Structure formats: structure tokens, C-alpha cells
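**Q** This is the structure I have questions about; it appears just below.
Any read-out appearing in this document is the output of simple, stated calculations on the displayed coordinates, not a laboratory observation. Because the structure is a prediction, the values reported are computed rather than measured. We place every Cβ from the backbone using ideal geometry, glycine too, and count neighbours over all the protein chains shown.
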Amino acid sequence: MRKIKKYLKIHGGELNSRKVFFYQRSSLRPLTGRWRQVISDKFNNLDGKNVADLFAGSGIWGISMLSNRAKHVVFFEKDTASQRVIRENLINLKVSQDRYSMVYGSLPKSLEESGLSFDLICCDPPFKNLDLGSEVLKSSQNLVKKQTTLVCRWPNKISLPKLYNLDLVQKIEHGNESLNFFNFKNG
């Protein structure tokens with residue numbers, strides 16, 4: 001099977017208009033240009049913020065956050081081919097190694113075992129396994145700081161899981177999916 005190499009353009013920030021590559025696979029759904037622009041506009045200054053990119057896939061979410069000056073991004077991805085692509089993109093973009101790390105393993109176990117907390121959590125679960133996505137969203141509630149934001153890409157026709165300490169503050173729909181922005185309740 002021939003690998004098809006495709007490119008995504010970074011929207012905004014220090015790496016604006018630079019490209020990252022990925023290999024097209026049926027299980028990979030990289031963010032569209034519209035979503036990348038929404039994310040860049042919403043999080044255009046992440047100075048000093050720690051970010052988690054859950055189900056990193058192509059790595060475009062986390063790379064976009066680095067472009068918008070995130071202090072550190074942790075890419076959570078279990079697929080070794082995706083891990084290699086993310087690392088190669090970061091090297092090609094000359095992102096300093098102290099600004100990112102990779103966590104290998106299955107979610108939510110790898111997230112829980114990391115013991116890390118984040119200012120921003122980006123979650124893009126596989127739409128073919130939303131039960132896993134729901135499980136990860138629930139476990140992420142335990143790894144937050146005051147003022148943590150969670151952004152989740154989710155299909156419109158399927159309800160997000162009920163989460164006891166999340167407030168939905170914005171939902172942006174486009175086509176058959178949406179970006180959902182949550183703030184964590186404290187207390």
C-alpha cells in the first residue's frame with residue numbers, strides 16, 4: 001500500500017503559513033483549515049501555558065499551540081507511525097526540544113499515569129471509538145489547574161458525555177462536527 005503524503009498549513013503565531021506533513025490514513029482526521037483558524041484565533045497567546053494534545057494524530061493541534069507560544073506541549077499518541085511524523089515535523093520546524101514531549105501509550109491510562117496538569121487540553125478522539133473519547137474526557141477532569149480550558153472535537157449527532165465539573169462555554173458547529181469549549185468548575 002502506497003503512503004500518500006499530505007500537508008497542513010499552520011494558521012497564526014510564530015510558525016504561521018509553515019507546513020506540517022502527515023500520511024493519509026482512513027483513521028486520521030486532521031483538523032480542517034477552518035478549525036485550525038478557529039483554534040489559532042481563540043488561543044492566539046499561550047505564553048507560559050502547558051498544553052495537552054490528546055489523540056495527537058498528525059500533531060497539528062499541539063504544533064498550532066506551540067506556534068501560539070505555548071510554554072510546553074505534551075503529545076499523547078499511541079500509534080508509532082504518528083509519533084514519528086509528529087517528531088519529524090517538530091524537528092523540521094526547529095521547535096526547541098524543551099518545548100514539547102511525547103507520551104507513548106493508550107489513553108486514558110497514559111494520561112492518568114503522567115501525573116501532569118494542564119492549562120489547555122485539546123481532545124480529538126477517534127470518531128469510530130467515542131466510548132474511548134468519553135472515557136478520556138472523564139479522566140481528564142482529574143488533571144486540571146484552576147482556569148483550565150478543554151476543547152474537544154466531536155460529531156454533532158452524538159451527545160458529549162455528562163461531565164460533572166465542566167461548563168460548556170462555547171460550541172462552534174461546522175458540517176457534521178463541532179468544537180466544544182469547556183471551562184472546569186472549581187469546587
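**Q** Under 20 Å from a label point 7 Å along Cα→Cβ of Lys145: give me every residue in the range 90-128 with its amide N that close.
**A** Output list for this probe position: 96-103, 111-123.
**Q** Please give every one of the lysines within straight-line cross-link reach of Lys94, meaning a C-alpha to C-alpha distance under 18 Å, and leave out same-chain neighbours fewer than 8 residues apart.
**A** Excluding near neighbours in sequence, the set is Lys9, Lys19, Lys71.
**Q** Using each residue's phi in the range 77-91, evaluate 6.51 cos²θ - 1.76 cosθ + 1.60 at θ = phi - 60° and report the 3J(HN,Hα) Karplus result to the nearest Hz, with x for Gly and Pro.
**A** Coupling constants for the range 77-91: 8, 9, 7, 5, 5, 5, 4, 4, 5, 4, 4, 5, 4, 5, 5 Hz.
**Q** Sticking with this one: If you filter the range 82-143 for trypsin sites (Lys or Arg not before Pro), then keep DSSP loop positions with at most 12 other Cβ within 10 Å, what is left? Could you put the intermediate results ahead of the total?
**A** Values: sites: Arg84, Arg87, Lys94, Arg99, Lys109, Lys128, Lys138; in loops: Lys94.
Those satisfying the criteria are Lys94.
**Q** Now a separate question. Could you work out which residue, out of Glu173, Glu113, Glu77, moves most in a Gaussian network model of the chain, that is, has the largest mean-square fluctuation with Cα springs under 10 Å?
**A** The residue that fluctuates most here is Glu113.
**Q** Considering amide H positions built from the backbone, and no H for Pro or chain starts, which residues 5 or more places from Val73, or on another chain, come under 5 Å of its amide H?
**A** Close amide H contacts, sequence-distant or interchain: Val51, Tyr100, Ser101.
**Q** Also, I was wondering about something else. What net charge do the residues around Cys123 carry, taking every other residue with its C-beta under 12 Å from that of Cys123, with Lys and Arg at +1 and Asp and Glu at -1? Present the calculation step by step, with values, prior to reporting the outcome.
**A** Values: positive: Lys138, Arg153; negative: Asp53, Asp124, Glu135.
That sum, taken over residues with Cβ under 12 Å, equals -1.
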